[in-house]
Structure formats: structure tokens, C-alpha cells
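The values are calculated or read from the model by the stated rules, or taken from the named source; none is laboratory data. Worth saying up front: this structure is predicted, and the values here are computed from it rather than measured. Positions of Cβ are generated from backbone atoms using ideal geometry, with glycine treated the same way; all protein chains shown enter the neighbour counts.
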Amino acid sequence: SGGEIVAANTAYRALYSLDPRDLRFSIGGAVEYTDYRGSAVPAAQTSIARAARGETVERERLWLFDRAGTWRAMGLSIRTAEANSLGEPTYLIELEDLTAVSEAQREQPNVSRVVSHELRNPLTAILGHADLLLESDGLTDTQREHLEVIESASERMLTLIQGILTQTPETDHSRADFDLAHLVAASVEAFTPAATAAEISLDCTIEGSLQLVGDEFRLRQVIDNVLSNAIKYTDRGAVRVTARRDGDRIELAIADDGIGMTPEDVDRIFTPYFRAQSVQDDGITGTGLGMGITKDIVESHGGSIAIESTLGRGTTVTISLPTDPTAEGGDS
């Protein structure tokens, strides 16, 4: 009833510099903050106060000072445990230190602009030389196809970089009517060399025309992100892409025979900077940003994205898009 801690693990004791011989440490006076150097949360609205009123506290982010006076971002969950011997309610508090993630998120805009600026010049050179080669005589059909893929990919990269440099909002979509089937086929063609080099079978099945209204550039980004992951995280077997119309929606599924994920990792896969443990164990590099960006783009089109995965057996990502998001109340 006094808000004392009756048990805590080593990590919690270290966070607050608690003496392991004296865990009767009151959290009743603990101060939570809404943001880095932000306002203190009123006592009645703190996480523990809300949990005591029966409210759900699940993976909420807050800021606090540790005993060394350092700002820390914490992910916090609270659930009710069994009452103590006096019949008083007790709560299990789980804290995850998100300080490094939060600091990276704060610095991301500046870092992104610097990196993008430095990437633009060499990318412009690549695009220029690809254009010159395409204008030359004597190219075989295969050579021309490869150069056209390089040219197209370079142009998309330059558009992305320009958006970062000018801070163009991700949700500022340009809507047009187009056939998603062509977009899927182009993405599969672009990633076929990578799949071949990795000795992975890349199969694609497209059922007819898939006309929809949307941002062609951003939806290509979605397909590329998911397909790139499928190939990257598959060391043997196949990647299968299927696209079809289902009434007034279009369903795109990308399935792989890769390393898969645990249910816990699937639940967090859209969290910025999160990377599944199976990926880290295999030493595969990445930023943990792609799936979050993908989800944002899909949902801004009035669509949904679902993931089914089994550790060691593979992953299936299913994307459902309305043929006309404006008719379903999506962003215009």
C-alpha cells in the first residue's frame, strides 16, 4: 500500500543504484517525464497510479532520471499480480531501457540529411554513366536490360534522397491510377540477380491486371522492402511472390523459406530500429527501419499488412490494398 518494491532483479537495482540488502524502496515519489527534458507527469497520471486504477499500461514510453542523474527513456509495462498476505494489490513492472533507441531517433533527421547529401553525388554519377552506356551502340538485349534496371533504381534512389533533403513528408503521396502487376514484375526482375547469386529460387505469380489508385513510387518502395528482406534472410530454398485481386482489394503475398521469427519478434517487427533476435544471431546487418516504413506507406493507402512466421521455417508477409483508397476513407 505504501508503494514499496518487494523484489527486483539485478538490472533494476543497478538502474536505481539500490542496495540489494534493502529493497523496501518506495516508488510512490518516483517522477516520470513525458519526453526528454519534458514536463513531469502529474502524480495521479503516472503509470503506477493508472495501473492501480485498473488501467492497462503496455509498452508505454516515458523518461526518468536514474540515480546517477542521467536521463533515460524506458519502455514500461505493468500488470496485476497476486495480492500479498495482507490482501493488498501487487504489480509486476517490466522496464526496457530504450535510451539508445530514443537518442538515435532524435538524431535521425540530421544524420539522414548528411548521409543523403553525401550519397547524392556518387549516385548522380552512376545514373549519368548508365545513361551514356544506354546511348552507345552494340549493346546486347541482356546488357540493355541490366542498364535499364540500374537507371531505374538510381532514379528511385535520387527521388528518395531528395525527399529526405527537403524533408518531404512520407505521407505526402501523389495518387494516380496504375497497374500494380507491372510494379510487382519490375521489382521481381530487379531482385532476380540477387536471388540467383544467393542460389535462391524466386518465383512470381500475377493473376491478371491489378489496377488501383495510389502512389506508384511509394508502393514500389513497399514491394522492394519486403522482397529485399525475403531474399536477405533466406539462405536456401525459395521466395514466392503472388499478387491477385480479391473483390475491391488487391492482395500481395511474399513468402520465403528463410530463418523466420518468434511470435514475440513478429509482434515488434514494425517498431523503429527493432531487429529480430534470429537476424542478430545470424549476423545479418540492417537498420530495423524498413518494415516500419512499409507499414506506414501501406496504411496511408488504406491498406493492411500481416506477418506469419515460424522460427527456422520462413515468413509470409501479406499486404492488402484497396483498389481505390479514397472510396474507403483513406488519405487523399
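Considering only residues of region 71-103 that are of a type in the set (Ser, Thr, Tyr) and over 28 Å from the mean Cα position of the chain (by Cα), which is farthest from Gly288 (Cα to Cα)? Filtering first and then ranking leaves Ser85.
Set side by side, the residues Leu139, Leu158 differ, and just one is in a loop (DSSP other than H, G, I, E, B), without any contact (Cβ under 8 Å) to a residue 40 or more places away in the chain and either among the basic types (Lys, Arg) or not assigned by TED's automatic domain parsing to the domain that holds Ala52 (or both), which is Leu139.
The residues of region 219-264 that are in a loop (DSSP other than H, G, I, E, B) and either buried (at least 18 other Cβ atoms within 10 Å of the Cβ) or touching a Lys or Arg at 6+ places or on another chain (Cβ under 7 Å) (or both), listed by number, are Tyr233, Thr234, Asp257, Gly258, Ile259, Gly260, Met261.
Scoring Ala100 on the criteria (1) in a helix (DSSP H, G or I); (2) at pLDDT below 80 leaves a single failure, condition (2).
Each row is one residue, and each column tells you yes or no for (1) of a type in the set (Phe, Trp, Tyr); (2) crowded, with 16+ Cβ neighbours inside 10 Å; (3) out of contact with any Ser or Thr (no Cβ under 6 Å at 6 or more places or on another chain).
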| residue | (1), (2), (3) |
| --- | --- |
| Ala73 | no, yes, no |
| Ser77 | no, yes, yes |
| Ala83 | no, no, yes |
| Thr90 | no, no, yes |
| Leu95 | no, yes, yes |
| Ser102 | no, yes, yes |
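Does Glu145 fit the bill of being at pLDDT 90 or above, farther than 19 Å from Ala253 by Cα, touching an Asp or Glu at 6+ places or on another chain (Cβ under 9 Å) and not assigned by TED's automatic domain parsing to the domain that holds Asp246? Taking the combined requirement at face value, the residue satisfies it. Filtering region 233-252 to residues that are of a type in the set (Asp, Glu) and touching a Cys at 6+ places or on another chain (Cβ under 9 Å) leaves nothing. The condition (being under 18 Å from the mean Cα position of the chain (by Cα), more than 24 Å from Arg156 (Cα to Cα) and among the basic types (Lys, Arg)) is satisfied by just one residue among Arg275, Arg236: Arg275. Among the conditions (1) surrounded by fewer than 15 Cβ atoms within 10 Å (Cβ to Cβ); (2) at pLDDT below 80, the only one that Tyr33 does not satisfy is (1).
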